[in-house]
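As structure tokens, the structure follows; a few thoughts come after it.
Just so you know, all these numbers are worked out from the coordinates, no wet-lab data involved. All values reported here derive from a predicted model rather than from experimental measurement. Reconstructed Cβ throughout: ideal geometry from the backbone, glycine too, with neighbour counts over all protein chains shown.
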Protein chains: 2
Amino acid sequence: MRTKSSAPTMKDVAQEAGVALGTVSKVFNGIPVGESYRVRVQEAADRLGYQVNNYARGLKTNKTFTAAVIIPSTTHPFFSLLTEELSRALSLRGYRTLLAITSFDLASEQQCIEMVRQNKVDGIIALTYNPDLRIDDSLPFVSIDRFYSASIPCVSSDNYGGGQLAAEKLHSLGCKNLLFLRSGSSVPGEPDKRGAGFEAYCQLHRLSSQSLRIDDTEGIRPILDFIDSQIRDGHFPFDGIFCSTDHLAVDVLNHLTLRGIPCPEEVQLIGFDGLKDFFTHKPVCSTIVQPVSEMARTAVDILLSQDRFRLSALTCLPVRYQAGGTTREDVSGS
Amino acid sequence: MRTKSSAPTMKDVAQEAGVALGTVSKVFNGIPVGESYRVRVQEAADRLGYQVNNYARGLKTNKTFTAAVIIPSTTHPFFSLLTEELSRALSLRGYRTLLAITSFDLASEQQCIEMVRQNKVDGIIALTYNPDLRIDDSLPFVSIDRFYSASIPCVSSDNYGGGQLAAEKLHSLGCKNLLFLRSGSSVPGEPDKRGAGFEAYCQLHRLSSQSLRIDDTEGIRPILDFIDSQIRDGHFPFDGIFCSTDHLAVDVLNHLTLRGIPCPEEVQLIGFDGLKDFFTHKPVCSTIVQPVSEMARTAVDILLSQDRFRLSALTCLPVRYQAGGTTREDVSGS
DNA sequence: TTGTAAGCGTTATCAC
DNA sequence: GTGATAACGCTTACAA
């Protein structure tokens, strides 16, 4: 029956159903209309395989029911989980996800923002590193793990509390000489508070502790070198290490093993993120678990909330400790 | 200067620049225009922070420069890599990515197609399981790993050849009694050819081989039970196993280790996918590597090619073997 | 070259 | 309750 080459429009449906254009529109917007008309329109639409054109609708309504997710990568387990949870949360609220991957490139981050703005998204959720990001505040924007300004809501896990928790755990596990290791982006962000919380706990409880922070541009070589420099006669002076990420913790664990320092026997190790090995579904190390799912839901809630500006500028979600083989309580299960 | 509440439009820019609307449009479409005008328009646009409205443009041109990626999940390493590569390839061609996650749900797959169609995407790349998917062929569609019909181009790796390659490798590594294990979706797809290729090689070379295939709805328990049932006096009768995925290979490896069957000493194991451990960047097992990046690029090329119907219905990309510790040649490096 | 006006598919405001 | 009609922001003939 369809001789038209392009997709059917409301006009086609109206003609097919023998009703006026406006009536068709009403049917598809749930606006009350005579039952017989409703059925006629519905049938005609089905026959034609009609789908409403969101672009045209958005042009009129200024709503596209599409949100952008801007993220550095999709292959890192934390980001991939975050992406999935964000997409799921948006979908649950009837929103589509426009995905933009920045590859950790600062210029690309800005481009992505411009690009998705052209697509007239209703809002942006972004995990970025560029401290000078130009964010137009006419468009709802929620930042993850990076605080920009009071007018840009930021969602993160309780990094500071997580650092404290890690110190507390190591403390209660009998560690006397603590070490904090950090490898990460050179631009400041919420995750920096992990070390701050850790150090605060140590200071408060008069625990001996030392910290080493490096940029990930240098690779982790400096950290491994530091570890080697500390080893004297096969002995490592620290008995508890908190690493800023699980990834770093695993690298440190492997290096210590290589050097014959047994973990958790001689030194206990706690990471941050709560990543699970994909194959075994087991934690890769003892760790502070980020509530990724809640973070995603919260970010979406804030993005879509009517009065975003009433909300607090920074939302920190609670973390929890999870044993994973690199601390000594594990023998009694967890 | 901006007193308008909503985003600036071309009209605003025209007014600001003191030129006609059409002139502004031309500037943003690269259509030649007097240099002085071009500059005036550009400046006015910058001043106003103007961004073209892709929705309005698409309405007129029937092109949105947006493609949909429909995928079961973003957390599985293979899918997450595929998603990233697809997004990257699309971006390189000037396309945005609309991401839809189906969670392996057949009904959701259909919904996603409908949903992205409403957003007037220019095409869809999908990895789906629903054999009865209703695909409107008015919209370019490229399927990954599942062949629907001659009019729906399908991209996959050379699953059949990969199966052959696995058998050949095990053969050349001295295995005499082979086993193929498969756990996967109950709906047929290109990956099923892995086993077929494996068996074909065994038959051709008169190698003793056996196969066990189960649906992943049952979990992998039946496979582990089968393995247990084969063990006699601590001895396992098969000396070479090909698993349909790396994931299965790792599970089998762990189970064999648990039962005291050393791998690769007593039995050698090859998986399929080529996944790397995220932390160590090392293969999780000896494996047949899928060319994910090429698959993504190919899918995008096909999707955006003008005459898609000239192309072959099924494009199989070459795989390669990679040693990863579960086969015996590894001692001499890889 | 530049300006004008029609129209893309939809919604919303009206008379009917 | 139903059906014309004017926008929405943009592109594109076509006229100036």
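Points worth noting:
- Inter-copy spacing of A:Ser208 label points, which lie 7 Å from Cα along Cα→Cβ, given in nm from shortest upward: 6.3
- Whichever aspartates and glutamates have a C-alpha closer than 20 Å to that of B:Lys193, once near sequence neighbours (fewer than 8 apart) are set aside: B:Asp145, B:Asp158, B:Glu168, B:Asp215, B:Asp216, B:Asp246, B:Asp273, B:Glu294
- For the range A:20-129, the residue among A:Leu59, A:Ala107, A:Phe28 whose Cα projects farthest onto the positive side of the dipole built from Cβ charges is A:Phe28.
- For B:Val319, nonlocal amide neighbours, meaning residues 5 or more places apart or on other chains whose placed amide H falls under 5 Å from its own, are B:Asp158.
- Here the sum of -39500 (n - 2.57) over DSSP H runs of 4 or more residues, divided by the residues of the protein assembly as shown, equals -12000 deg cm²/dmol at 222 nm, to the nearest 500.
- Ascending list, in nanometres, of distances separating the B:Lys282 label from those of the other copies (7 Å, Cα toward Cβ): 1.6
- Of B:Arg232, B:Arg213, B:Arg96, the one that fluctuates the most in a GNM where chain B has Cα springs shorter than 10 Å: B:Arg232
- Sequence-distant residues sharing a close amide H with B:Arg96 (under 5 Å, placed H): B:Thr66, B:Ala67
- A dipole drawn for chain A from +1 and -1 charges on Cβ atoms has a positive end, and of A:His171, A:Gly184, A:His235 the residue lying farthest that way is A:Gly184.
- For the pair A:Val187 and A:Asn62, the difference between a 0.36 nm per residue extended length and the Cα-Cα distance amounts to 41.5 nm.
- About the centre of its Cα atoms, chain A shows a dipole size close to 1500 debye [charges on the beta carbon of Lys, Arg (+1) and Asp, Glu (-1) only; nearest 20 debye].
- Among A:Glu265, A:Glu190, A:Glu43: highest mean-square fluctuation, GNM of chain A, C-alpha pairs under 10 Å: A:Glu43
- Rounded to the nearest 20 debye, the dipole magnitude of the protein assembly as shown is 2580 debye, with +1 charges on Lys and Arg beta carbons, -1 on Asp and Glu beta carbons, and the Cα centre as origin.
- Partners for B:Lys26 among aspartates and glutamates (Cα-Cα distance below 14 Å; same-chain residues under 8 apart left out): B:Glu35
- The orientation-averaged projected area of the convex hull spanned by the Cα atoms of chain A comes to 22.4 nm².
- Volume per residue for the range B:10-52 equals 55 cubic angstrom (convex hull of Cα atoms).
- More than 24 Å apart - percent of Cα-Cα pairs taken over the range A:197-334: 42 percent
- Projected label distance in nm at A:Asn29 and A:Lys282, using a 7 Å step from Cα toward the beta-carbon: 5.9 nm
- Protection proxy ranking of B:155-163, B:296-304 - average other beta-carbon atoms within 10 Å, highest first: B:155-163, B:296-304
- Ranked from shortest, the separations from the 7 Å Cα-to-Cβ label point of B:His255 to its equivalents in the other copies are 3.8 nm.
- The protein assembly as shown shape via C-alpha gyration tensor axes, a/c threshold 1.5: oblate
- The peptide list B:146-152, A:71-77, put in order of mean Cβ contacts within 10 Å with the highest first, becomes A:71-77, B:146-152.
- Averaging the sequence gap over all C-alpha pairs within less than 8 Å and six or more residues apart, then dividing by the number of residues, gives the range A:10-52 a relative contact order of 45 percent.
- Inter-probe distance in nm under a simple model that places probes 7 Å from Cα toward Cβ, at A:Glu114 and A:Leu314: 3.1 nm
- Between B:Arg232 and A:Glu294, the FRET efficiency from the beta-carbon distance, with R0 = 45 Å, is close to 0.35.
- Evaluated over the range B:206-279, the Cα radius of gyration and Dmax, each in Å: 12.5, 41
- Rounded FRET efficiency, nearest 0.05, which uses the C-beta distance separating A:Glu266 from A:His205 and R0 of 25 Å: 0.70
- Of all DSSP beta bridges confined to chain A, the antiparallel ones make up roughly 10%.
- Residue pairs, from the table A:Lys11/B:Lys63; B:Lys63/B:Lys276; A:Lys176/A:Lys276, whose Cα atoms sit over 31 Å apart: B:Lys63/B:Lys276
- The range B:1-147: C-alpha gyration tensor shape, a/c 1.5 cut-off, then a/b vs b/c: prolate
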